[in-house]
Amino acid sequence: MALKRGRGKRDRLNDATQTEYSDQTVWMLAVKNNRDRVAFGMIFDFYAPRLKGFVMRTGVSGAQAEEIVQEVLLTVWRKADQFDPHRAQVSSWIYQIARNRQIDVIRKESRVMPEELSTDLKDEGASHEDASQIMAVEQEAETLRMALARLKPGQREMVEKAYLGELSHSEIQAETGLPLGTIKSRIRLGLEKLRHELKELRS
């Protein structure tokens, strides 16, 4: 089943601002309040790959996982009016829809339900906890990206190459042509600045 995504420039999502809500909540509220297809396209792009990995953890094939994800996101569009940011985080709400859809598929196919889904069916709170953990990881990754963006370009480049690219100092030297002393100094200063920015963003 193909699901078309809204595309184009975003003129206005809604009255909510990023200081009040996460980007994902702003998009979801735009879909809920304005049936905003551009905002839905953003939700689709953000959650589709995450949901696919989430669904595949229960042993379904990649093709079936993609079909489930399509159906989940279509449900998100259709039931957007039911989303309440005061009752649940958008990630928790969407992941719960995904779990319910997985359970429906397994029941229809008369397959043995994976232990984690069976447990969640007995204890609905567990699924919310799992979704919250996923959301927390995503938020931490976003905080790291924001902190990296605050570094000086030279420091950010060295930190990203050393830790995200997993390059040794000598490999960075071969790639950039910079002296080892400069590379080490930029990494050291970059890490100090990064720790400061992370502390500030988390407070």
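Could you work out how far the C-alpha centroid of the range 28-46 sits from that of the range 59-95, in angstrom?
13 Å
Per residue, what accessible area does the range 33-109 have, given a 1.4 Å probe and all protein chains present, in Å²?
So the range 33-109 comes to 48 Å² accessible per residue, rounded to a whole number.
The values are calculated or read from the model by the stated rules, or taken from the named source; none is laboratory data. Owing to the predicted nature of the structure, the values given are computational and were not obtained by experimental measurement. To get the accessible areas, we keep the full protein, side chains included, count just its heavy atoms, and leave off ligands, DNA and RNA. Shrake-Rupley method; radii C 1.70, N 1.55, O 1.52, S 1.80 Å.
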